[in-house]
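Please read the structure below before turning to the comments.
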Amino acid sequence: MTLVIGAALALFSLVIVAYPFLKSRLTFAASPRTISASVVAPELGPVYDAITTLHLEYQLGKVPENLYREQLASYRLQAATVLQQRFQERAGEPEWMLEQEVLVTRAALRGTEGGPRACPNCRSLVAPELLGCPECGASMEARV
């Protein structure tokens, strides 16, 4: 009986000691990128990889917070530039126009105050804080 209790306590102690190590591995493995870079734009692959590496180094304490934020902002700007170029390339495609119409209709059906609005001129989605459409320059004041 004593042997069984001793074995149970040893097993319990082992679980308590190993849990923090396993938890960190499971948390990192359970949070992969939700969107593949090759689906959106192949040029985003290196940027996504750099962001992932930067985030990991920051979590490990190898990168100070101010440098982390500075580099993350730089990578986000690179990704935004690639996405903007991709956006401009697809602007005339019928599939893109249909996708924009679906997004506008969903936003209208939700009735979200402060959500994205449709430009009255080109029907692109416009953030609520903007007074003009970033695509065509049309005024959004009448739609507020």
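Looking at the stretch 93-102, can you tell me whether even one residue there is at pLDDT below 75 and loosely packed, with under 10 Cβ neighbours inside 10 Å? No, the stretch 93-102 has no match at all. Candidates in the stretch 40-62 are the residues that are of a type in the set (Val, Ile, Thr) and within 17 Å of Gln84 (Cβ to Cβ); of these, the one that is modelled with the highest pLDDT is Val47. For Glu99, the stated conditions hold: it is within 30 Å of Pro120 (Cβ to Cβ) and either within 18 Å of the chain's Cα centre (by Cα) or part of a helix (DSSP H, G or I) (or both). Residue count for the stretch 47-84, restricted to those that are surrounded by 14 or more Cβ atoms within 10 Å (Cβ to Cβ) and within 26 Å of Trp96 (Cα to Cα): 7. Residue count for the stretch 14-39 satisfying the condition of being at pLDDT below 80, among the β-branched types (Val, Ile, Thr) and either farther than 20 Å from Leu72 by Cβ or part of a helix (DSSP H, G or I) (or both): 2.
The values are calculated or read from the model by the stated rules, or taken from the named source; none is laboratory data. Quick caveat: nothing in here was measured; it's all calculated off a predicted structure. When we count neighbours, we look across all protein chains shown, and the Cβ atoms used for this are built from the backbone with ideal geometry, even at glycine.
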